[in-house]
Amino acid sequence: MNINVLALEFNINSYREFNKFSNKVLPCKNKYPLLNKALFSTAALYFDSFFKTSSQLYPFFEPHLSDKKKLKRFLISTISLNFFYSCFFYFLKLIFLLILKKSSIKFHYDICEIAPNKYRSSDLIIEFIFLRKRYFKLNSKHFSQKILRLLITSTTSPATVFYFYLLSIPLRINSDFIQKFNTINQFYLSNFEKSLRHDLAITSELLSLLNIKKFIHSGWFSVKGSLLFNALNSLQIESTVYAHGHLSQASLAFFYPIESSRIIVLTEEEAIRLKKLNNILGGEKKIINFIIPFSQRNVNKRNLANRKFSKIIVALSSPDYLMDKRIKEKYEYLIKSLLSFNIKVFYRPHPHATLFERRLLSLNNQIPIYNRDIKIIDKKNTLIIGSSSTLLIDAKICKLESIEISDLSVNSSSLIKSLPCYSISEFLENIK
């Protein structure tokens, strides 16, 4: 399977620029390695905001001021942790560790799966030595396993949460403060790093005492995730990540570098692109798998006129694309044309879409929202269209017809190559 050269070049150049940016703005990687990694997701969101289509000189200048509020909310959310939640699980974890170290109880937890299906975890074996050995077996649905999974993923202490809160204060005033993270008081940064090292040590100790052999999750790209996967790697525990979303992000920082032993992406095209990226950038060799194999038959354009679709659902990964005048005009033309064919048209918003973006997607409520599970949709009469949205791939997994609309994409990297791709004019000519 061939990979779009421009898409790969775009990702390589974007990632290299992101690395330069993060090294410039974040606390020194050598002095504060845990803090640098914990703030990686915040830096990536800020960096990728420079690629918003609302900028008149996309992708060279930063976004229009109308996007600043949304960006600020996202940035703050990456470092805002619940203090009381962290307190509760932190002290519960300390009590649990004390019991494990001071008693003759041993745990054996071969496979811990947090996501995508937490009920595939192995049984939890508790070895209790009192006069003679006794064993208790608890299956994955037992409440004690749920508590354990929460203890494992709650990697931050109250002190760390407080440090992140202090860091968020200037961001709440001005999101561009992220460019000054490396100029923060050194005493504060040193104490911050010490707090993160303390959290890492406790997390590592817990994983070790639980005797976990394999760990499965849906991602490392967060403050808590950076500590968790650091601990897993230091203990050489095999880890698998099911990547969330499609590789349409400019920097690909949500997917690369690969912190787990193995990563599973949605499509073969994404797996090949990620392998090539890893080879070119000289990263550590990792296992990269996929869910949907590439098939030329699946991406060939078909005569859609042979199918009588009574319902079409439109999905865009980033509704702010519609702030670009040209894309908005194309989107309006597409929707109004479909309505003129007497087809029921719905829109499916991204979970983070604002009310304003939902209004854009609905063309001021001209088309209704579709919020139900796509698994229950009538497969024969429903078509999913859009650009860069994982809903298109989810539909394919559910054996629903789904296609990519090239006119609604903003760069070659974001196109889903594992789906048939039509321009708006081609699509309308086929569907009417």
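Some values worked out for this structure:
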{"read-out": "Cβ-based net charge around Asp123, under 11 Å, with every Lys or Arg adding one and every Asp or Glu removing one", "value": "+1"}
{"read-out": "Cβ charges +1 (Lys, Arg) and -1 (Asp, Glu), total dipole of the chain, debye", "value": "1020 debye"}
{"read-out": "Highest-fluctuation residue, Glu332, Glu259, Glu284 considered, GNM on the chain with Cα pairs under 10 Å", "value": "Glu284"}
{"read-out": "Net charge of Cβ neighbours under 11 Å - reference Ile327; Lys, Arg +1; Asp, Glu -1", "value": "-1"}
{"read-out": "Helical segments meeting 15 Å axial Cα length and Kyte-Doolittle -1.0 threshold in the chain (DSSP H)", "value": "5-25, 68-79, 83-102, 143-153, 158-173, 186-209, 223-234, 268-281, 325-340"}
{"read-out": "Per-residue ³J(HN,Hα) for the stretch 251-261, Karplus 6.51 cos²θ - 1.76 cosθ + 1.60, θ = phi - 60°, Hz, x for Gly and Pro", "value": "7, 6, 5, 6, 10, 9, x, 8, 8, 8, 5"}
{"read-out": "Estimated [θ] at 222 nm from DSSP helical runs (n ≥ 4, -39500 (n - 2.57)) normalised by residues in the chain, nearest 500", "value": "-13500 deg cm²/dmol"}
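Read the figures in this text as sums done on the coordinates, not as results from a lab. Keep in mind that what you see is a predicted model, and the values were worked out from it rather than measured. For neighbour counting, all protein chains shown are included, and Cβ atoms are generated from backbone atoms with ideal geometry for every residue, glycine included.
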